[in-house]
1. Among the residues of the range 18-30 satisfying the criterion of being over 12 Å from the mean Cα position of the chain (by Cα) and surrounded by 13 or more Cβ atoms within 10 Å (Cβ to Cβ), which is farthest from residue 69 (Cα to Cα)?
2. Pairs under 8 Å by beta carbon, first residue in a helix (DSSP H, G or I) in the range 20-35, partner surrounded by 11 or more Cβ atoms within 10 Å (Cβ to Cβ), six or more apart or different chains?
3. Please work out which one of (1) over 9 Å from the mean Cα position of the chain (by Cα); (2) surrounded by 11 or more Cβ atoms within 10 Å (Cβ to Cβ); (3) part of a loop (DSSP other than H, G, I, E, B) is the condition residue 11 fails and give its number.
4. Return only the number of the condition from (1) in contact with a helix residue (DSSP H, G or I) (Cβ under 7 Å, 6 or more places away or on another chain); (2) within 22 Å of residue 69 (Cβ to Cβ) that residue 38 does not satisfy.
5. When only residues in the range 46-70 that are touching a strand residue (DSSP E or B) at 6+ places or on another chain (Cβ under 9 Å) and assigned to a helix (DSSP H, G or I) count, which is surrounded by the most Cβ atoms within 10 Å (Cβ to Cβ)?
6. Pull up the range 31-45, narrow it to residues that are at pLDDT below 85 and under 8 Å from the mean Cα position of the chain (by Cα), then point me to the one that is surrounded by the fewest Cβ atoms within 10 Å (Cβ to Cβ).
């Protein structure tokens, strides 16, 4: 999927969901953990432009289909602060 195809598809889906549930959709989860190193740069740019505030779309490891090796395995996410995307992480008590 290209950046423009992703943008068109994502905006269409978000608009359909918002019309159906009557409130803003602020989070995104990519199908089949389809975010990879080859599309991660424009992926987050498109989500920002579409108004999403968080994404839970990266699989922390590599399988034959998806994943990003060396991605943190502790609960991690990406949140949009209004000006930029920020990684957050929750560490378990030691």
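1. Narrowing the range 18-30 to residues over 12 Å from the mean Cα position of the chain (by Cα): 18-25.
The next check asks that each one be surrounded by 13 or more Cβ atoms within 10 Å (Cβ to Cβ); those that pass are 18, 25.
Numbers: 18: 34, 25: 29 Å.
Among those residues, the one meeting the criterion is 18.
2. 32/66; 33/57; 33/58; 33/59; 33/66; 33/67
3. Residue 11 satisfies every listed condition except (3).
4. Looking at each condition in turn, residue 38 falls short on (1).
5. Within the range 46-70, the subset touching a strand residue (DSSP E or B) at 6+ places or on another chain (Cβ under 9 Å) is 47-48, 50-58, 60.
Restricting the remaining residues to those that are assigned to a helix (DSSP H, G or I) gives 47-48, 50.
On the way: 47: 24, 48: 16, 50: 16.
Out of the qualifying residues, it is 47.
6. 44
The values are calculated or read from the model by the stated rules, or taken from the named source; none is laboratory data. Worth saying up front: this structure is predicted, and the values here are computed from it rather than measured. Using ideal geometry, Cβ is built from the backbone for each residue, glycine included, and neighbour counts are taken over all protein chains shown.
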